[in-house]
Each structure stands twice: as C-alpha cells, then as structure tokens.
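Visitor: Once you've had a glance at the structure underneath, I'll fire off some questions.
Throughout, read-outs are computed from the coordinates displayed, never taken from laboratory work. Everything numeric here is computed off the predicted structure, so don't read it as measured data. Using ideal geometry, Cβ is built from the backbone for each residue, glycine included, and neighbour counts are taken over all protein chains shown.
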Amino acid sequence: MSGLYKTIATLPGDGIGPEVTRAAVQVLTDCAAVFGHHFEFRELPFGGSAIDRSGQPLPAETLAGCRSADAVLLGAIGGPKWDSLPLGKRPEAGLLGLRKALGLYINLRPIRLRRALRGISPLRQDRLGACDFEIVRELAGGIYFGNHEMAGEGSNAFATDVCAYSATEVERVARYAFERAAARRSHLTSVDKANVLATGTLWRQVVTSMAGDYPRVKLDHLYVDNAAMQILLRPDQFDVILTGNMFGDILSDEAAALAGSIGLIPSMSRGREGAPALYEPIHGSAPALAGKDVACPLGAIFSASMLLRESFHLEEEAHWVESAVDRVLESGYRTMDISSADGRVVRGSEFTELIHGELHDAVAHTERYGWGV
C-alpha cells in the first residue's frame, strides 16, 4: 500500500515528552518519504504545558484537533510543578478527559524483549524465555473513573474512591482481548480479584460467559496478586493478559521492567472502529531529565510503529522501522537507561539520527532483506 494521506495530532506534553515526540515524528516522516505517504502533523498543547498556557490541561482546540485527526501521538505529561493543583485540574485529568472524550476504552501494551537487549533484563535468562506477550487493559471504567471524595481534617480525615464496572464495559474490552489472542497464540489470561471484590466477580463471570464464542482460545483466570508474581516467575507462559484499569496500569509497569527499562514500551489506546486511536510510550515525563538529551526515544518510536500497524494498516512500514531500530541496537548503540558494559552510549538525539540513517539506507535494506520500497 502506498500514497496514503493521513493527519496525526501530536501532543508533546511535558518534561521529556517533546524530545521523544520529535524522535517519533522524525521516524514517521522518514517512513512517509521512503514509502510515498504524506503525514500531516498538527502539534497541540496538552497537559502541564497547556495549563501554563491556558489554565486547562485539555484545551478545546486540542480536543477538536484530536477528534479530527486520523491518529494521536502523545509524548508524556505531568510533573511536580502541577502536583499541588486539585485532582481535576492536574495534567493527568487532561489525559483521563481525552480518553473519555475520544471514547478510548481499550489500552494495548506489548511486552517484547528486543534480542540485543536481553542482557539488561533484571530477570535471569533461563526465566525470561521468549517473553512476548500483550496486556489488554480496560481504560474507561473502574476506580480511576469512579467518584472520588476527601473530607475532614487531621485524624478525622477520610477519603473514598469508587470502583464500578458494568457487564457491557467488561464485554467490549474482553471481546477485543479474545480476538487479539485468537490472532496470536490462542491463550488469554484474565486477571481480577474475584475473591474479594464484587467488580472482580462480575469481571470473571462476563469473561467466562464469552469463552464459548472463541472455542480455539484457551482461557484461564488469575488473581492479580498471583499474576504479578507469575509475570516475574515465568513470563513466557503469557500470550494475552486481560485486566481492568488499575490492575492493568500496575501490571504493565511491572512487566516493562522485564525489558530492562520502562522507556522501551509503547502503547495504544482505542475505542470504536474508525475513531482516532492514541499512541504513547508508557513512561512518565521524567522532568529531571528534560533538556539534557539523555531520554530514550524508543518507547515513542515503537509507539509510532504501532500507529503505522494498528491505525494505518501499514505492516511492512512498521516492520521496517522496528528492524532499523534492532540493527542500531545490534551495533551496540545505547542511550543511558539501557546501557551495558560493552555498549556505546549516545545521546537521545544521536540515537534517533542513527535510526534515521538506517531508515534511509533503502538500497542496503533491499539488498539485505529483499524488500521493495
């Protein structure tokens, strides 16, 4: 496929967000140039930087720009500068608001070890195995979207956070997870806390009732505490993990450690078919690293390759980007967070430039792999 014209809303955000977003945009620009596509990038204010500019983490212009785009690329948001604001005014409130406004109820986080980086995983090699699985996280319900209340002072202070799920909310994310598993290795692990939570009981009942629609997919269930342990004991037992909003947030950060750095993991948030999906690295804004050119851009670059594959259905282009990254890694180049004793540490912008060089070596790619561009 060639000659696509697509609009991508970019939300650089805060901290290292603008740096890693630039890297992702560079890779997408390279891809368009080589494969004959046209990607129009529309940069919009979001998060803390938007608060500083307009007083709101999600300005109306940003929401309108995201709604009209074919896909959305986010850097990172938040930081201590805005932590004193009320919950509903912080940068994170803008992200929750954007997810709700765009109807994003599915979050996909792939956990995959790059061959050249297996040595930086904190897990022993004999426990790692292949370690290639996906976490499907429900994104629009649960405790993050429940009622939150704080009242009282001193020893009389109290707080409540309400976790609520409907059968419909569980079913729509579970169906996506079943289909994802069916397209991979046909194994789905649903994670809940059904032994103590009513929402967990409902979750398990709904997922179990759907298994008959997918007879070739093996379904099993784990309590979340056991799932956290199993991810470390034997990660290669997993294919697709399905879980709720808060559990998915926690487990995917734990799983990212298997790869050696949270800076390597991309994500996609999506809703109904045809609506724009949101792509972002799962790392935070790391304000202490901002402006030092040391941030690893790979989470954002892999988010860009996910965008190509999942939203634009450009499988060859996505594979091309990922293969270029792997060649740079196999040549020994590393950013600070993924450095090793025998690696060559470079700055984030230098790492992006190395990938840029690989992407534009079209003749060498064709000779080496037989790809047409």
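Visitor: Which of V25, V20 comes first, and how do the rest follow, when ranked by fewest Cβ neighbours within 10 Å?
Guide: Result, fewest neighbours first: V25, V20.
Visitor: What are the residues whose amide H is under 5 Å from the amide H of T335, where those residues sit 5 or more places off or on another chain and H is modelled from the backbone?
Guide: When sequence neighbours closer than 5 places are left aside, the close amide H contacts are V346.
Visitor: Separate question: Taking every DSSP beta bridge with both residues inside the chain, roughly what % is antiparallel (nearest 5)?
Guide: If we restrict to bridges inside the chain, about 40 percent are antiparallel.
Visitor: Now for a different question. Picking from L128, G65, L329, whose Cα lies most toward the positive end of the charge dipole for the chain (charges on Cβ: Lys, Arg +1; Asp, Glu -1)?
Guide: Comparing the listed Cα positions along the dipole, L128 ranks first.
Visitor: Which of M229, M268, M246 comes first, and how do the rest follow, when ranked by fewest Cβ neighbours within 10 Å?
Guide: In increasing order of surrounding Cβ atoms, one gets M229, M246, M268.
Visitor: While we're here: Say we join alpha carbon atoms closer than 10 Å with springs in a Gaussian network model of the chain; which of S190, S252, S339 then has the biggest fluctuation?
Guide: S339
Visitor: Follow-up. Give a residue-ordered list of calculated ³J(HN,Hα) values for region 202-217 (Karplus: 6.51 cos²θ - 1.76 cosθ + 1.60, θ = phi - 60°; whole Hz; x for Gly, Pro).
Guide: Karplus-based 3J(HN,Hα) across region 202-217 equals 4, 3, 5, 4, 5, 4, 4, 5, 8, 4, x, 6, 10, x, 8, 9 Hz.
Visitor: Quick one: how many lysine pairs in the chain have C-alpha atoms under 30 angstrom apart, if they're 8 or more apart or on different chains?
Guide: Lysine pairs meeting both conditions in the chain amount to 8.
Visitor: Let me ask another. Evaluate the charge dipole of the chain about its Cα centre and quote only its size in Debye, nearest 20, assuming +1 on the Cβ of each Lys and Arg and -1 on the Cβ of each Asp and Glu.
Guide: 400 debye
Visitor: Using DSSP to call loops (not H, G, I, E or B), can you name the GluC sites (Glu not before Pro) in region 271-360 whose Cβ has at most 13 other Cβ atoms within 10 angstrom?
Guide: Sparse-neighbourhood loop GluC sites (Glu not before Pro): E273.
Visitor: Specify whether the C-alpha gyration tensor of region 122-258 places it in the rounded, prolate or oblate class, a ≥ b ≥ c being the square roots of the eigenvalues: rounded for a/c under 1.5, otherwise prolate if a/b is larger than b/c and oblate if not.
Guide: oblate
Visitor: Among bridges DSSP assigns within region 122-258, what percent are antiparallel (round to 5)?
Guide: 25 percent
Visitor: So, one more: Defining a contact as two alpha carbons under 8 Å apart and six or more residues distant in sequence, what relative contact order in percent does region 122-258 show?
Guide: 38 percent
Visitor: Taking amide H atoms as placed 1.01 Å from N in the peptide plane, list the residues 5 or more away in sequence, or in a different chain, whose amide H sits under 5 Å from that of S285.
Guide: Those lying under 5 Å, H to H, from S285 are I77.
Visitor: Additional query: Which ³J(HN,Hα) values, rounded to whole Hz and listed in residue order, are derived for region 296-305 from phi using the Karplus coefficients 6.51, -1.76 and 1.60 in 6.51 cos²θ - 1.76 cosθ + 1.60 with θ = phi - 60°, glycine and proline given as x?
Guide: Once rounded to whole Hz, the list reads 6, x, 5, x, 6, 5, 5, 5, 5, 5.
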